[in-house]
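Let me begin by presenting the structure, written as structure tokens, before commenting on it.
The values are calculated or read from the model by the stated rules, or taken from the named source; none is laboratory data. These numbers were taken from a predicted model, which means no experiment stands behind them. Here the Cβ positions follow ideal geometry from the backbone for every residue, glycine too, while neighbour counts run over all protein chains shown.
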Amino acid sequence: MVNQAHPGERRDRPTMHDVAALAGVGIKTVSRVFNDVPTVAPDLVTRVRTAAEKLGYRPNLTAASLRRSGGRTNTIGLLLEDVSNPYSSLVHRAVEDYARARNVLVLAGSLDEDHDRERELTRTLIDRRVDGIIIMPSSDDHRYIVAEQQAGVSFVFIDRPPSPLLADLVVSDNRGGARRAVQHLLDNGRRAVAFLGDDLGVYTAQQRFAGFCDALAETGIDSRPELVRHGLRTASQARDAARELLTSAAPDAIFSSQNLITIGVLETLHRMDLHRTVALVGFDDVPLADVVDPGVTVMAQGPTGIGTEAARLLFKRMAGDASPPAVYTLPTHLIVRGSGELPVPAAP
């Protein structure tokens with residue numbers, strides 16, 4: 001029976017010495033049992049494991065891993081913008097599945113677009129001796145981990161390039177995908193296309209806005225500043241911005257450049273009864289996009305593919321790959337569901 005402490009009572013964790021004393025064996029025998037040395041007599045294995053169970057002893061897996069694998073801990077870090085975001089969640093699951101198949105544990109955290117939080121969590125993971133880290137960065141200055149990379153920690157970045165650090169980067173075709181999304185609206189007769197996006201200090205937002213401008217320029221349409229809203233990160237901010245935009249500038253279509261923004265825009269269009277009048281295409285898929293009426297047309301990324309590719313590259317680096325860092329760009333694809341194909345209202 002495992003010893004239990006009363007709530008609020010702190011007890012020191014049992015040690016190998018405690019197990020050895022209870023089992024009546026030497027500490028080296030306990031060590032050999034928990035390292036699965038096959039030459040230990042079966043009766044000693046039983047005594048040691050029974051004593052460990054009674055005491056509630058758990059071996060230090062990190063220390064054991066370090067001893068057996070030349071300093072490797074069989075853990076990696078994963079730092080995402082927000083693990084609750086549907087996109088980040090799918091990246092997380094893909095990395096976790098890839099790592100789990102190789103008996104590696106993933107330690108994940110959210111950065112919340114906070115530069116200080118990125119540095120804090122990165123250093124915490126390094127202090128825990130992770131073998132490598134995948135980062136969807138908030139910061140644009142990664143000098144703080146150059147020394148760690150030189151010391152042998154492997155890094156792979158997602159969505160946004162590191163600077164001045166040289167490391168592998170996995171991205172979607174943000175600019176090309178945004179251009180095709182806006183071109184789809186233009187091909188369906190829309191001319192007053194609005195842009196709602198994140199802060200332009202964010203690499204993905206820069207690229208998607210550039211794609212928006214590319215599509216307008218290629219069609220010969222001047223960009224109208226009154227139809228552009230930046231600095232939106234949450235669905236709530238997007239709801240408010242969309243209401244103000246639809247009231248003041250009267251766009252006939254909206255390109256929302258991030259999934260939470262798409263959700264906020266969609267809610268506002270329905271509340272203002274404009275969901276069958278103002279066309280909408282979002283960048284990145286959103287939950288239940290095919291359930292609402294009309295369904296939400298999106299330029300979809302492949303977060304599962306991005307996570308899998310980032311994990312593949314990280315494991316290659318951890319295995320000793322010293323080839324020059326590269327940028328891996330994954331394609332996006334248009335999913336047509338109805339909101340981007342609404343008929344243009346007849347002129348009054």
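Please determine, by comparing only the residues of segment 272-293 that are surrounded by fewer than 16 Cβ atoms within 10 Å (Cβ to Cβ) and in contact with a Lys or Arg (Cβ under 8 Å, 6 or more places away or on another chain), which one is modelled with the highest pLDDT.
Ranking the candidates gives 272 first.
State whether the residues of segment 311-326 include one that is crowded, with 17+ Cβ neighbours inside 10 Å and touching a Phe, Trp or Tyr at 6+ places or on another chain (Cβ under 6 Å).
Scanning segment 311-326, I find at least one residue that is crowded, with 17+ Cβ neighbours inside 10 Å and touching a Phe, Trp or Tyr at 6+ places or on another chain (Cβ under 6 Å), so the answer is yes.
Give segment 299-348 a look and list any residue that's hydroxyl-bearing (Ser, Thr, Tyr) and touching a Lys or Arg at 6+ places or on another chain (Cβ under 8 Å), or say none.
Let us first name the residues in segment 299-348 that are hydroxyl-bearing (Ser, Thr, Tyr), namely 304, 308, 323, 328-329, 332, 339.
Across segment 299-348, the qualifying residues are 304, 332.
Within the set of pairs 6+ apart or on separate chains, which have a first residue in segment 259-280 that is in a helix (DSSP H, G or I), a second that is charged (D, E, K, R), and C-beta atoms under 6 Å apart?
Cβ pairs passing all conditions: 259/284; 264/239; 267/239; 268/239; 268/243.
Whether any residue in segment 195-203 is in contact (Cβ under 8 Å) with a residue 12 or more places away in the chain, assigned to a helix (DSSP H, G or I) and not aliphatic (A, V, I, L, M) is what I want to check.
Yes: one or more hits.
Being more than 29 Å from residue 141 (Cα to Cα), modelled with pLDDT of 90 or more and not small (Gly, Ala, Ser) narrows it down to one of 15, 50, so name that one.
Just one listed residue meets the conditions, 50.
Using the structure shown, decide if residue 91 is aliphatic (A, V, I, L, M) and crowded, with 23+ Cβ neighbours inside 10 Å.
Values: aliphatic (A, V, I, L, M): yes; crowded, with 23+ Cβ neighbours inside 10 Å: yes.
Yes, satisfied.
Tell me, please, whether a residue that is of a type outside the set (Ser, Thr, Tyr) and under 18 Å from the mean Cα position of the chain (by Cα) can be found in segment 172-185.
So the first thing to find is which residues in segment 172-185 are of a type outside the set (Ser, Thr, Tyr), and the list is 173-185.
From what is left, the residues that are under 18 Å from the mean Cα position of the chain (by Cα) are 173-174.
Yes: segment 172-185 contains one or more residues that are of a type outside the set (Ser, Thr, Tyr) and under 18 Å from the mean Cα position of the chain (by Cα).
How do the pairs read when you match residues in segment 164-191 that are assigned to a helix (DSSP H, G or I) and buried (at least 24 other Cβ atoms within 10 Å of the Cβ) with residues anywhere that are charged (D, E, K, R) and modelled with pLDDT of 95 or more, using Cβ under 6 Å and keeping only pairs 6 or more apart or on different chains?
If the second residue must be charged (D, E, K, R) and modelled with pLDDT of 95 or more, the pairs left are 174/208; 178/208.
Applying the selection to segment 210-246, what residues are part of a helix (DSSP H, G or I), hydroxyl-bearing (Ser, Thr, Tyr) and either closer than 22 Å to residue 341 by Cα or in contact with an Asp or Glu (Cβ under 9 Å, 6 or more places away or on another chain) (or both)? Let's see the steps before the verdict.
First pass over segment 210-246, keeping only residues part of a helix (DSSP H, G or I): 210-219, 225-227, 235-246.
Remaining after also requiring hydroxyl-bearing (Ser, Thr, Tyr): 219, 236.
The answer is 219, and nothing else.
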